[in-house]
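Have a look at the structure below before the remarks.
The values are calculated or read from the model by the stated rules, or taken from the named source; none is laboratory data. Predicted model only: the values in this text are computed from it and were never measured. Using ideal geometry, Cβ is built from the backbone for each residue, glycine included, and neighbour counts are taken over all protein chains shown. With ligands, DNA and RNA removed, areas are computed over all heavy atoms of the protein, side chains included. Shrake-Rupley method; radii C 1.70, N 1.55, O 1.52, S 1.80 Å.
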Amino acid sequence: MSATPHQPTVTEREARQVAEAAREQDWRKPSFAKELFLGRFRLDLIHPHPMPAEDDVQRGEEFLAKLRDFCETKIDSARIEREAQIPDEVIDGLKDIGALGMKIDTKYGGLGLTQVYYNKALALVGSASPAIGALLSAHQSIGVPQPLKLFGTQEQKDVFLPRCARTDISAFLLTEPDVGSDPARLATSAVPDGDDYVLDGVKLWTTNGVVADLLVVMARVPKSEGHKGGITAFVVEAGSEGITVENRNAFMGLRGLENGVTRFHQVRVPAANRIGPEGAGLKIALTTLNTGRLSLPAMCVGAGKWCLKIAREWSAAREQWGKPVALHEAVGSKISFIAATTFALEAVVDLSSQMADENRNDIRIEAALAKLYGSEMGCLMADELVQIRGGRGFETAESLAARGERAVPAEQILRDLRINRIFEGSTEIMHLLIAREAVDAHLSVAGDLIDPDKSLSDKAKAGANAGVFYAKWLPKLVAGPGQLPRSYGEFNRHVDLSSHLRYVERSARKLARSTFYAMSRWQGRMETKQGFLGRIVDIGAELFAMSAACVRAEHLRLTGQHGRQAYQLADAFCRQSRIRVDELFGRLWSNTDDLDRKVVKGVLAGTYEWLEQGVIDPSGEGPWIADATPGPSRKENVHRPIR
């Protein structure tokens, strides 16, 4: 695909360099998941389960009670689905109870909730209406509050955070019509002009953009005298002259989502509104997402809980061949999967969130794994619920109600959850992002060996460093506690979870050996082996989930909260997960990746075009990607701030 005239042409290597420069380069704190990928099962980093402070719990529970009452009395999910819009009075009500400021410090008028309780709140409100959950998450997880909290000046915090806490909805604008997960090609410009920057460009899929009051905008500052340039973040008033919301987009799910296309034409933004230095925009975005990504799996936890409730109630009421359908193994296995997976996913989210609150560990991989795993498993659970409900699962809630049955929106939850596999980093991009972090230790000692631009002397030095590292590291992958039958004995209660933790320890070493072998085999071509890297990451996600599930079960046992049942659920999940892990290990080396590449080349070359014959394409006319040439808008402004 050729670049449009205003868009920079970027090579694959240049794109990778931009992404690499935006990464957090250092690991200043321990990371359970990073150690796991290196073959080191550091159970001590997550067990005993970290606990929140008493005042945090009290403040969080008080708000959850208020939010639950609001959800039960003020939110009509069916109306939002029917009208494809969240009523203004609902958003005003959310403002009144402080829901816009859940993560904002109390000194700025926010509620100051911890990550744990923020996620619990999103799970609750997202179960009432996924569209409202998305609105609140986009506002606080990636919108103005989070980047200002991490990178804003005191003046910026004083000006904008009180507004975000109570009245102003914010949005995050990065994606463009021809720029998705490759920000090196970002075309929106911010040209310095005195004490201002002048923004020009078009942004796509601006969640909350239709109703937003404040925007975080990523734009490219040209390099010039006195200006470092590069992709830079700005806080922009949504009502500024020259900003036009040209379209409100409609989707297969999240029908109440206020997501649009926003055009900037000669929009003046004060330099005081720049977040961080020039060129730091992508780093700010990625750092913001480290904890921001936890909001999506939190809402997937809420969806899993709802799927379990409906599956239980329906499967007990519906009879086939003389007994409830739940007692038929074909249906029962699906219910077991939903129950066990919901337990494990909640364990992953709560553990990652509490670690984020304590700030003792670096959780960038844990949060990314939670997002990846939660979004995939959430869709699977919803799909299984539709299957359990049969024809009624495919039927809309409105149709069910019209013929006198309970209005269960099973098909809606499946549509609403589907976007989570794309939102805030698609599954494919998450695989690559996590894989890059997982092999960071290898690249830090041996990266120059596979870099074609490095000199022979650099390669020789890298070879020596790598020799020292691997001489110490590789022998430790041969044996470990997972081979000792009494290891992790404190997890052997009425149900034995210790065997699962021994499996995790053995599998972590096997995973690290597999990664090392692959790097030795493919060297510089490793980054092109996306199928292999995806399976490596998926194994790590399962091992993390198993670890979190066991730790949560023991925590609940110690605190007297359904400990026996928690052990049963953890055992069921780990047994299901182990089957998936064993399959993934097998597919590391036995797969169709090479053949798939040949078929893909044939498809693109038109070799199999005959296979497409015999159908009608109902698609409309028009370009695959809309023109995003900068300039004045020719469309009506559909921006509608809610006041």
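Looking only at region 497-510, decide whether some residue is closer than 19 Å to LEU45 by Cβ, at pLDDT 95 or above and touching a strand residue (DSSP E or B) at 6+ places or on another chain (Cβ under 7 Å).
We begin by selecting, within region 497-510, every residue closer than 19 Å to LEU45 by Cβ; these are 497-498, 500-509.
If we keep only those that are at pLDDT 95 or above too, we end up with 497-498, 500-509.
This time we only want the ones that are touching a strand residue (DSSP E or B) at 6+ places or on another chain (Cβ under 7 Å), so: 498.
Yes - at least one qualifying residue is present in region 497-510.
Residues in region 113-124: is at least one more than 14 Å from ILE169 (Cβ to Cβ), among the aliphatic types (A, V, I, L, M) and in contact with a Pro (Cβ under 7 Å, 6 or more places away or on another chain)?
The answer is yes, given that some residue of region 113-124 is more than 14 Å from ILE169 (Cβ to Cβ), among the aliphatic types (A, V, I, L, M) and in contact with a Pro (Cβ under 7 Å, 6 or more places away or on another chain).
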Quiz item: Does any residue in region 200-225 that is free of Cβ contacts under 8 Å to residues at least 60 places away in the same chain come within less than 8 Å, Cβ to Cβ, of a residue that is of a type in the set (Lys, Arg) and open to solvent by 10 Å² or more (accessible area, probe 1.4 Å) six or more places away or on a different chain, and which pairs are these?
Solution: VAL221/LYS228
Self-check item: Cross-chain or 6+ apart pairs with Cβ under 6 Å, region 59-86 first and closer than 22 Å to ARG255 by Cα, then hydrophobic (A, V, I, L, M, F, W, C) and surrounded by fewer than 17 Cβ atoms within 10 Å (Cβ to Cβ)
Solution: PHE70/ILE97
Quiz item: For region 23-34, does any single residue satisfy the condition of being of a type in the set (D, E, K, R), in a helix (DSSP H, G or I) and either without any contact (Cβ under 8 Å) to a residue 12 or more places away in the chain or open to solvent by less than 20 Å² (accessible area, probe 1.4 Å) (or both)?
Solution: no
Quiz prompt | Matching residues, region 387-404, being part of a helix (DSSP H, G or I) and farther than 14 Å from VAL325 by Cβ | solution = PHE394, ALA397, GLU398, SER399, LEU400, ALA401, ALA402
Practice problem: Could you tell me whether LYS635 is closer than 30 Å to ALA541 by Cβ and more than 29 Å from the chain's Cα centre (by Cα)? | Solution: no
Exercise. Could you check how many residues of region 412-469 are in contact (Cβ under 8 Å) with a residue 12 or more places away in the chain, of a type in the set (A, V, I, L, M) and in a loop (DSSP other than H, G, I, E, B)?
Key: 2
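Please state which one of LEU432, LEU380, LEU369 is within 27 Å of TRP473 (Cβ to Cβ), open to solvent by 50 Å² or more (accessible area, probe 1.4 Å) and in contact with a helix residue (DSSP H, G or I) (Cβ under 9 Å, 6 or more places away or on another chain).
On the way: LEU380 fails: within 27 Å of TRP473 (Cβ to Cβ); LEU369 fails: open to solvent by 50 Å² or more (accessible area, probe 1.4 Å).
Going through LEU432, LEU380, LEU369 in turn, the sole match is LEU432.
Is region 304-316 home to any residue that is among the basic types (Lys, Arg) and not in a helix (DSSP H, G or I)?
Initial filter on region 304-316 (among the basic types (Lys, Arg)): 305, 309, 312.
Restricting the remaining residues to those that are not in a helix (DSSP H, G or I) gives none.
Within region 304-316, not a single residue is among the basic types (Lys, Arg) and not in a helix (DSSP H, G or I).
Report yes if ALA368 is closer than 27 Å to LEU286 by Cα, in a helix (DSSP H, G or I) and either within 26 Å of the chain's Cα centre (by Cα) or of a type in the set (S, T, N, Q) (or both), otherwise no.
Working: closer than 27 Å to LEU286 by Cα: yes; in a helix (DSSP H, G or I): yes; either within 26 Å of the chain's Cα centre (by Cα) or of a type in the set (S, T, N, Q) (or both): yes.
Taking the combined requirement at face value, the residue satisfies it.
Looking only at region 136-161, filter to residues that are of a type in the set (Ser, Thr, Tyr) and under 26 Å from LEU296 (Cβ atoms); which one of those is surrounded by the most Cβ atoms within 10 Å (Cβ to Cβ)? Give the derivation first.
Taking region 136-161 as the starting set, the residues that turn out to be of a type in the set (Ser, Thr, Tyr) are 137, 141, 153.
Checking the rest, the ones that are also under 26 Å from LEU296 (Cβ atoms) come to 137, 141.
Values: SER137: 26, SER141: 24.
Looking at residues that are of a type in the set (Ser, Thr, Tyr) and under 26 Å from LEU296 (Cβ atoms), I get SER137.
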Exercise. Provide a single number: the residues in region 258-283 that are open to solvent by less than 10 Å² (accessible area, probe 1.4 Å) and of a type outside the set (Val, Ile, Thr).
Key: 5
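So, in region 122-143, of the ones that are out of contact with any Leu (no Cβ under 7 Å at 6 or more places or on another chain) and hydroxyl-bearing (Ser, Thr, Tyr), which residue ends up farthest from ASN208 (Cα to Cα)? I'd like the intermediate steps shown before the answer.
At the first step, the residues of region 122-143 found to be out of contact with any Leu (no Cβ under 7 Å at 6 or more places or on another chain) are 123, 126-129, 132, 135, 138, 140-141, 143.
Filter once more, so that each one left must be hydroxyl-bearing (Ser, Thr, Tyr): 127, 129, 141.
Values: SER127: 19, SER129: 15, SER141: 12 Å.
In this case the residue turns out to be SER127.
Name the residue, out of SER487, SER507, that is within 26 Å of ILE579 (Cα to Cα), among the small types (Gly, Ala, Ser) and not in a helix (DSSP H, G or I). If you could, list the steps in order and put the result at the bottom.
Numbers: SER507 fails: not in a helix (DSSP H, G or I).
So the residue among SER487, SER507 that is within 26 Å of ILE579 (Cα to Cα), among the small types (Gly, Ala, Ser) and not in a helix (DSSP H, G or I) is SER487.
One line per residue, one yes/no per condition, for (1) at pLDDT below 95; (2) within 21 Å of the chain's Cα centre (by Cα); (3) among the small types (Gly, Ala, Ser):
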residue: MET102; (1), (2), (3): no, yes, no
residue: LEU113; (1), (2), (3): no, yes, no
residue: ASN119; (1), (2), (3): no, yes, no
residue: GLY126; (1), (2), (3): no, yes, yes
residue: VAL144; (1), (2), (3): no, yes, no
residue: LEU148; (1), (2), (3): no, yes, no
residue: THR153; (1), (2), (3): no, no, no
Exercise. Can you run down the residue pairs with Cβ atoms below 8 Å, 6 or more apart or on separate chains, where the first is in region 539-565 and over 20 Å from ALA435 (Cβ atoms) and the partner is open to solvent by 60 Å² or more (accessible area, probe 1.4 Å) and acidic (Asp, Glu)?
Key: GLU554/GLU490
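Out of ASP571, ASP538, ASP582, which single residue is of a type in the set (D, E, K, R), closer than 19 Å to ARG506 by Cα and open to solvent by less than 30 Å² (accessible area, probe 1.4 Å)?
Criteria check complete, one pass: ASP571.
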Self-check item: Whichever residue in region 358-377 is among the charged types (D, E, K, R) and modelled with pLDDT of 95 or more and, among such residues, is farthest from LEU45 (Cα to Cα)
Solution: GLU376
